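Just below is one structure, and these are the notes that go with it.
The values are calculated or read from the model by the stated rules, or taken from the named source; none is laboratory data. What you are looking at is a predicted structure, and each value in this text was computed from that prediction instead of being measured. For neighbour counting, all protein chains shown are included, and Cβ atoms are generated from backbone atoms with ideal geometry for every residue, glycine included. The area values use the complete protein model at the heavy-atom level, side chains included, leaving out ligands, DNA and RNA. Shrake-Rupley method; radii C 1.70, N 1.55, O 1.52, S 1.80 Å.
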Amino acid sequence: MVLWHKNAHIFQNDFPTVSLAFFNRYPNPYASHVLSIDTISRHIDSDGNLHSTRIIKKTGKLPRWVKPFLGRISESWIVEISKVNRDDQILSTYTRNLDHTRIIQVEEFTTYRYDNEEGITKVESKVKFSSGFNIGIRNNIEEWSHRKFNENIKKSRLGMTFVMEKLEEKRKMLHLWYEILFSLELFHGLSAL
């Protein structure tokens with residue numbers, strides 16, 4: 001059996017802010033389970049789209065009934081493949097776990113799309129949970145993964161919001177510094193007269 005889950009969200013931010021936050025979302029206080037993130041490749045294609053591949057190492061608590069299959073393993077490696085279409089203001093991502101795939105394979109397809117008329121960025125996610133186990137344990141694994149995903153997606157949204165707030169603080173600080181430097185330059189220019 002394969003279990004699908006859909007989720008939608010709206011960020012009240014423009015596309016440059018949301019896409020920048022996506023690539024800088026770790027660390028944040030809502031993602032203590034993320035141990036590391038490394039960029040494997042990044043290039044711009046002939047149409048000007050940015051393609052990235054990153055590897056993410058995560059940790060997490062597993063239910064007792066999974067431990068006989070995994071033992072003490074509590075870490076997992078995730079691949080994240082993304083494409084930023086700057087002209088259409090769309091960020092498309094695909095993530096999946098690289099290990100423990102016999103037990104559970106989780107694939108997430110997410111699109112961040114800017115709505116020019118409303119001035120918001122709409123997020124749509126589809127997640128596929130599939131397990132190679134027999135029907136009894138497979139249903140437990142897929143349903144547990146689905147519940148866990150619902151918890152984690154809330155934290156993910158909070159983490160992105162946190163990062164966007166930090167970006168806005170930095171933007172305001174840079175703007176303030178620019179104004180101070182401009183005022184000092186103007187003051188020194190006038191005092192030389």
- Which condition number in (1) open to solvent by less than 90 Å² (accessible area, probe 1.4 Å); (2) within 16 Å of Ser92 (Cα to Cα); (3) touching a residue at least 60 places away in the same chain (Cβ under 8 Å) is the one that Pro16 fails? (3)
- Item | Out of Gln105, Gln89, sole residue that is at pLDDT 95 or above, out of contact with any Leu (no Cβ under 7 Å at 6 or more places or on another chain), under 24 Å from Thr39 (Cα atoms) and surrounded by 13 or more Cβ atoms within 10 Å (Cβ to Cβ) | Gln89
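For (1) loosely packed, with under 12 Cβ neighbours inside 10 Å; (2) among the basic types (Lys, Arg); (3) under 15 Å from the mean Cα position of the chain (by Cα), each residue gets a yes or a no:
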site: Ser82; (1), (2), (3): no, no, yes
site: Thr93; (1), (2), (3): no, no, yes
site: Tyr112; (1), (2), (3): no, no, yes
site: Val123; (1), (2), (3): no, no, yes
site: Lys128; (1), (2), (3): no, yes, no
site: Leu158; (1), (2), (3): no, no, yes
site: Leu167; (1), (2), (3): no, no, no
site: Ile180; (1), (2), (3): yes, no, no
- Hey, does the stretch 58-66 have a residue that's surrounded by 13 or more Cβ atoms within 10 Å (Cβ to Cβ), modelled with pLDDT under 80 and farther than 30 Å from Thr17 by Cα? yes
